[in-house]
Every structure is written in C-alpha cells, then in structure tokens.
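Input: a single structure, listed below in structure tokens.
The values are calculated or read from the model by the stated rules, or taken from the named source; none is laboratory data. Here the structure is a predicted model, which means the values were calculated and not measured. All Cβ positions, glycine included, derive from the backbone under ideal geometry; neighbour counts span all protein chains shown.
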Ligand SMILES: Nc1ncnc2c1ncn2[C@@H]1O[C@H](COP(=O)(O)OP(=O)(O)O)[C@@H](O)[C@H]1O
Ligand SMILES: [Mg+2]
C-alpha cells in the first residue's frame, strides 16, 4: 500500500513550510528538483515552491519518507497528526512497480489522458467473464510523440491507482526484451520469491495463477513484436493491460482497444519549448518560436531537445532555426 496522494490542509502546509524555511534545499535535493526549477521558487517561500512542485506531480504522499530521510522526523509527527478528514480512503492506492518518473518540465495532456483513462477503466463496468479486447488497450503513435510519458501519467493517476489497487506494474520491452527475466520479476513482485521457471510457457502458467484474483494494471511499454505482448497475456478478470507501440498492426492483432496519440497543439508545443528554453511565459518567446515548433513537427521529444539547446542563449534562435529548416 502506498500513500502517495494524501492531501493535507492549507494549515498543515503553512506550518510545515514555515519550519522548512532553512531545510528546503535538502528536500529539493531529495526529489532531484532541477536548478532552473528551483530558481522559479519565490524567495523566502521556497519550501512552498517545493510543496507545490510535489502537488503538481501528484507526489505529495512521498513527503513523509523524504522528511524522514533528511532528518526532519519531527515534521513527520506533525504531518501524521494533521491529516485532513476522509484521508483514510486514499490510503488504498496501488503501489507502483518500476513505473518511471515524469520528465522535467512535464506538460499534463489532459485531452489525451482522460480518453485513455476511460478506455483503461471501461472494462471495470463490464460483467465479470468478459475477456480479452475490453481488457487490453493499445497506445499508439510515432517515436518521440509522448507515449511513455502519457502512460507514466496514467500509471500515476489517482483514479487508476484506486481501481487497480493490487499494483501498477511497468515493463519496458523494446526490440530485444529479456522476456523470461521480466516474467521472473513479475512473479517476485507478486510475492513468489521461489519462482524458478526457465521457460516462457511455465512463466505464463505461474503468472496466471498469481494474477488470477488480483486487481492490477500491467503496462508493457514499447512493444515491437506481437509475441512479446502475448508472453504477458496472463491477467485475471479484474486486471487490465496497456501496451504502447509505434506499430498500429500489433494493436489490431492483439485485439486491443486503440488510442492513437496526436502530436502537441501549437499552444502546448510553445509551452514545452518555453519551459525548456527558460522563458516563464509563451508570450515572451522570440518570433522564431512558431517556426521552430513547426520544424519540430510539434513533437515533444524534438521540442524538449531544441528548447534545452536554446536555454540561456537568446541569440541562438535564428541559428537553430536555420539548422532545422530543410536545405
Ligand atoms: N507530456 C510531456 N511533458 C513534457 N515532456 C514530454 C511529454 N511527452 C514527451 N515529452 C518529452 O519527449 C520525450 C519523448 O517522449 P516519450 O514519451 O519517451 O515518447 P515515445 O514513448 O512516444 O517515444 C520525453 O523524454 C520527454 O522529454
Ligand atoms: Mg517510449
């Protein structure tokens, strides 16, 4: 059980942040908050900055162990005393296994997350006994479009973690996955420390037993081959699988419900570019920005890389744009 989405009242926030005025850097280090993000915290209120940073990433529940780690156990006591009413329900959140962190300058894409979430949750409204297609969702789109990041946001979503309370499992496959190792990993995390199978088919049988009565979400990131997906076709009726892939045909063959990820809107692209390049607001971007977005094809990967290159170098925009333009 994980308490990652505990909510604290404004009063608790004020008390804790005041007492962290001198220790906020330790906390920022603990969470690997980047220097440029720290610079955005208002002077004298940096602890509030850290707190809000955590809230935006749905990570405020990690505060308790962070405070323990930085030697502020006194504040942990304070936190425990002052949980707001009704919090006990949010304690039933799934633990995350191997789920990646959200990237720097994470841009929430609610218009994508919500429909994807609906697809992933929809099977739970089906009568027990419904199999396969309603329990598999395929997130598809070209490389660098944000599939892994969107799947990460989904895995960390509070409703998803309430629904699949026995665990959210993340497996990264790629072109040449070590399928047996991943099967063993799943067996172990599901509590079978003695798992010793040496063949995929035995692994499948074991995992079927382990998942049978559980309510889990299994995410297979970056599938290149249908056979890799079927290796993990072991889920019980209360489970769900999400696969991500560039290849639409894998999703069709796997019989999964498809969600095709679109590139970023112009506004979202400018925001990501501005965040990376160190501009507080889209409107402050130089005139070349719109064309840079276009040449990056509104792809988050390209925009993040170009934005990072331009950070602190306002004179380079013309130069970078020239390089991006087709010859
Ligand atoms: N929503 C987002 N917010 C911020 N950066 C993003 C977002 N989506 C993608 N990116 C950036 O683009 C990169 C590629 O995204 P990723 O999800 O790995 O693409 P894909 O899995 O489709 O190949 C990420 O490492 C990150 O830097
Ligand atoms: Mg990916």
Inset, instruction - Tell me, yes or no, whether the range 164-178 has at least one residue that is surrounded by 15 or more Cβ atoms within 10 Å (Cβ to Cβ) and in a helix (DSSP H, G or I). - result: no
Legend entry - Failed criterion for residue 254 (all others in (1) more than 28 Å from residue 138 (Cα to Cα); (2) in contact with a strand residue (DSSP E or B) (Cβ under 8 Å, 6 or more places away or on another chain) hold): (1)
Inset, instruction - Go through the range 22-37 residue by residue and tally those that are under 13 Å from residue 275 (Cα atoms) and surrounded by 14 or more Cβ atoms within 10 Å (Cβ to Cβ). - result: 2
Inset, instruction - Mind listing just one residue for me: the one in the range 141-163 that is more than 10 Å from ligand 2 (Cβ to nearest atom) and either within 18 Å of residue 272 (Cβ to Cβ) or assigned to a strand (DSSP E or B) (or both) and, of those, farthest from the chain's Cα centre (by Cα)? - result: 142
Inset, instruction - Confirm whether residue 245 is in the same structural domain as residue 109 (by TED's automatic domain parsing) and touching a residue at least 12 places away in the same chain (Cβ under 8 Å). - result: yes
Legend entry - In the range 230-242, the residues that are within 16 Å of ligand 2 (Cβ to nearest atom) and free of Cβ contacts under 8 Å to residues at least 40 places away in the same chain: none
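Residue-by-condition table, conditions (1) away from ligand 1 (no atom under 16 Å from the Cβ); (2) within 16 Å of the chain's Cα centre (by Cα); (3) modelled with pLDDT of 95 or more; (4) within 28 Å of residue 17 (Cβ to Cβ):
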| position | (1), (2), (3), (4) |
| --- | --- |
| 89 | yes, no, no, yes |
| 92 | yes, no, no, yes |
| 116 | no, yes, yes, no |
| 126 | yes, no, no, no |
| 165 | yes, no, no, no |
| 169 | yes, yes, yes, no |
